[in-house]
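Take a look at the structure set out below.
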Amino acid sequence: LTNGACLQDAKTNDAFEIDFAEEVEKALLISRAFPASAPVGGSANASHKRQVQNKNNGDAKNTTNNNDEIRTSLARHNVEACKALLSITKRRIVSKTYPGIGYSLRMWLASAITPPGIVLDAGEVGDKVETPDEWYADLLRVAKDALLVQHEAKVDVSFEHLRLGVAQVWNQTACGSTTSSSNANKKNSGINVKEIGALKRKACVETFSEMIDQRTSNKEQRVNGVVDPSVEWISFTSRALWTMKHKEPKTSFQLLNAARRLANTVSIEPENDGNAALFHALQKIESEIAPFFAICVQDQKPVPGPFTKLPRDVQLEALALLSALPSISVITIKALAAAALHESFEGADGEENDEEENGQTLVGRVVDLASFRFKNNCELSLTVSLLVTFLAGPSFADTPAEQMHARKLAAKTRKKICDAIIALGDDAFSGIRLASAAITKTIEKRVEDGDEDGAERCARGGVLLIDRAMERSGRDVNAPPEEFAVFRQKWARAVEGK
């Protein structure tokens, strides 16, 4: 049934293709269970007689090895059978004429990938074959195609079984579990378990991403539930990012991109009843994502997270996801600020008066997001606090090199930050009113903590904020309104005192 000529006939002759599909459905996966004559099969007495005979002949070991090879060959046959059947089920004429096509392959795939997977079920007459870890990536890609194939009829239960199987693999690998098979299988595989874990995550994220694509483009099919990704998958996003660290940047990018696109559908379709669970899943992402940026403990130097070591395109995608989440917490804002201030930006060896250009620094990129208050999903007070923190720079700049970096970063981004604060208000002076208390408090706190350099950087930012607001309003920089003149004088003295 699977030879080239037969497959060619199936693709060129529609009538034959339908009959062929039905026969494939019945015949290709029959080796999932051993017949009575299978290796190590038959009655208990017959099995015992063979074992005694093999032992007497000194061939027991060879026979066992031979049986293992046969079972592995049959297991591989099942995988190839699935691929052959899947290529036929994708044909519209087949799915239209034979709506149930593919049920067997989906059920078998679900069994093969649901940990610990079974690629060959010998039933009561033989030994089952667990899915080798090195097979998972290939099987997950086959599962993706089987899961996402377009069907004319209503979706059957096999789709749900298959989707749950992929979800279980994802949940394991997202949390750092690298293998799904038994210890015996692990010992015999001789594989790099970390590499296998990475391949599994990549295959799962590819499925996740394509399901979101279908969710966006085929809204009318959601009643079937095929194109809706499991909420469970989304809620494990932050854990998966932490598990991958900076070692799987392409998969991290695809995961962040998929989660962001899905988050955007919530804001676009708030009336969708199915969005309630998705909304809570996105909140879970936000509640767990802070360590991905940095680990912040009160009165201790922040520990940079995996975010700081990822390529720029992945970092920007992470920022884009934050802007799409329903809300941003204080913990996440602090971690984001610490990660951005930790960056060793390009041009750090340049002059101190170099200005930010085209999002050259992460601070500049975050400021751009903050200008829109992360699409209004962040409290105004938190946004102001973030921007003022950027004016002051890192609070733990101990070495001369760190101090130099902090000074240059502040000089480079100061004007951009001030303009962002002004933009938060309704007019040129509203921004000053919003930030004045935070600036004063930050200066005092930095002085109290012995960080006079940070206090001076923040004071310079405050002075520039008032000057920029005066310029925006068309007034004389040297004659600010009285309410702002007091702040300017106070902050200017802090700069001169340093």
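The values are calculated or read from the model by the stated rules, or taken from the named source; none is laboratory data. The structure presented is a predicted model; accordingly, all values stated were derived computationally and were not measured. Don't worry about glycine lacking a Cβ; one is built from the backbone with ideal geometry, like all the others, and counts go over all protein chains shown. To get the accessible areas, we keep the full protein, side chains included, count just its heavy atoms, and leave off ligands, DNA and RNA. Shrake-Rupley method; radii C 1.70, N 1.55, O 1.52, S 1.80 Å.
Some points to look at:
- In this structure, residue 194 and residue 287 have a Cβ-Cβ separation that, at R0 = 30 Å, corresponds to a calculated FRET efficiency of about 0.65.
- Label zone at residue 482 (point 7 Å along Cα-to-Cβ), backbone N below 17 Å, segment 430-464: none
- Ligands, DNA and RNA are left out, and with a 1.4 angstrom probe the accessible area of segment 389-498 is 48 Å² per residue.
- Gain in span if fully extended, residue 160 to residue 327, counting 0.36 nm per residue against the direct Cα distance: 57.0 nm
- Contour minus Cα-Cα distance for residue 72 and residue 448 (0.36 nm per residue): 128.4 nm
- Judged by the gyration tensor of its Cα atoms, with axes a ≥ b ≥ c, segment 356-498 is oblate; a/c meets the 1.5 cut and b/c is at least as large as a/b.
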